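Down below is the structure, laid out as structure tokens.
The values are calculated or read from the model by the stated rules, or taken from the named source; none is laboratory data. These numbers come from a predicted model, not from an experiment. Because the Cβ atoms are built from the backbone with ideal geometry, glycine has one as well, and the counts that use them run over all protein chains shown.
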């Protein structure tokens, strides 16, 4: 199927290595993976790291209110329903045709409570009187496409709007894919850090493959922030680090806000 917004072709195909696994390709590149038999199976490493952040949002099994900015194959929405049944979820996707393609080919788990909204992530957040005006326990931002990302989605104001939609113990996770050198990641981390400072929060954590961080290799890094990660709200930074590190995928690196700043200072030189 051709997607009108990007003029890319999207298709869903068997993953070629598992009985119940399927991949979503967009523009000939694998974007997402779904295991229809077991939604807790997450193949893409960055999504597994985001799942660890999602699991920080509440006690195991407790329903959480989740906003997904960017749909993909709805891998995380399926994971949330499987691990926290009854969680109300909202997804915002700019590619109008994509959610219907995904849901028709790869049905959601029974009982999934998911509202789909079509549009630009920032514009949807700004609309009053909608589901997006409510507060969320978890917000996942997966809208970046490197240097081609729309500029308004890379600014401090966008991150401030996302933080403003978090409940008092909410968390947000941001996927940032970047080329070698990680300069785009550094810019996004600085923008999020500025937004957290304005909100009175400690800053952004970073989760990634240790080789990506250590050698500034191309890859996906996850930024995490929100009141639910603050010591003042009962979070224990060392417990967070250990939990996220032990969850993998390995080899893993977890940087606290101060370490994240040191990383991006080094990137920027």
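Give all pairs with beta carbons closer than 8 Å in which a residue from the range 234-250 that is under 13 Å from residue 206 (Cα atoms) meets a residue that is assigned to a loop (DSSP other than H, G, I, E, B) and modelled with pLDDT of 95 or more; count only pairs at least 6 apart in sequence or on separate chains.
Pairs that qualify, where the first residue is under 13 Å from residue 206 (Cα atoms) and the partner is assigned to a loop (DSSP other than H, G, I, E, B) and modelled with pLDDT of 95 or more, are 237/256; 241/256.
Being surrounded by fewer than 16 Cβ atoms within 10 Å (Cβ to Cβ), closer than 15 Å to residue 92 by Cβ and more than 14 Å from the chain's Cα centre (by Cα): is that true of residue 180 here?
Spelling it out, it is not the case that residue 180 is surrounded by fewer than 16 Cβ atoms within 10 Å (Cβ to Cβ), closer than 15 Å to residue 92 by Cβ and more than 14 Å from the chain's Cα centre (by Cα).
From the residues in the range 27-59 that are free of Cβ contacts under 8 Å to residues at least 24 places away in the same chain and within 19 Å of the chain's Cα centre (by Cα), which one is nearest to residue 252 (Cα to Cα)?
Checking each candidate, the answer is 41.
If you take the residues in the range 13-48 that are touching a helix residue (DSSP H, G or I) at 6+ places or on another chain (Cβ under 7 Å) and buried (at least 18 other Cβ atoms within 10 Å of the Cβ), which one is nearest to residue 82 (Cα to Cα)?
39
Are there any pairs, at least 6 apart or on different chains, whose C-beta atoms fall under 6 Å, with the first in the range 121-137 and closer than 13 Å to residue 92 by Cβ and the second assigned to a helix (DSSP H, G or I) and at pLDDT 90 or above, and if so, which?
Once the first residue is closer than 13 Å to residue 92 by Cβ and sits in the range 121-137, its partners that are assigned to a helix (DSSP H, G or I) and at pLDDT 90 or above give 122/158; 125/161; 132/124.
State all residues of the range 254-269 that are modelled with pLDDT of 95 or more and either closer than 13 Å to residue 52 by Cβ or surrounded by fewer than 13 Cβ atoms within 10 Å (Cβ to Cβ) (or both); if no residue qualifies, say none.
254, 258, 262, 265, 266
I'd like the residue in the range 60-78 that is on the phi > 0 side of the Ramachandran plot and either touching a helix residue (DSSP H, G or I) at 6+ places or on another chain (Cβ under 6 Å) or without any contact (Cβ under 8 Å) to a residue 60 or more places away in the chain (or both) and, out of all such residues, is surrounded by the most Cβ atoms within 10 Å (Cβ to Cβ).
Per the criteria, the residue is 74.
Can you tell me which of 213, 162, 174, 143 is in contact (Cβ under 8 Å) with a residue 40 or more places away in the chain, crowded, with 16+ Cβ neighbours inside 10 Å and over 14 Å from the mean Cα position of the chain (by Cα)?
On inspection, the qualifying residue turns out to be 213.
Consider the range 246-269. How many of its residues are within 23 Å of residue 181 (Cα to Cα) and part of a helix (DSSP H, G or I)?
Here the count works out to 12.
Output the residue which, of all residues in the range 100-114 that are out of contact with any strand residue (DSSP E or B) (no Cβ under 8 Å at 6 or more places or on another chain) and outside any helix (DSSP H, G or I), is nearest to residue 15 (Cα to Cα).
So the residue we want is 107.
Answer with yes or no whether residue 224 is within 25 Å of residue 152 (Cβ to Cβ) and out of contact with any strand residue (DSSP E or B) (no Cβ under 8 Å at 6 or more places or on another chain).
no
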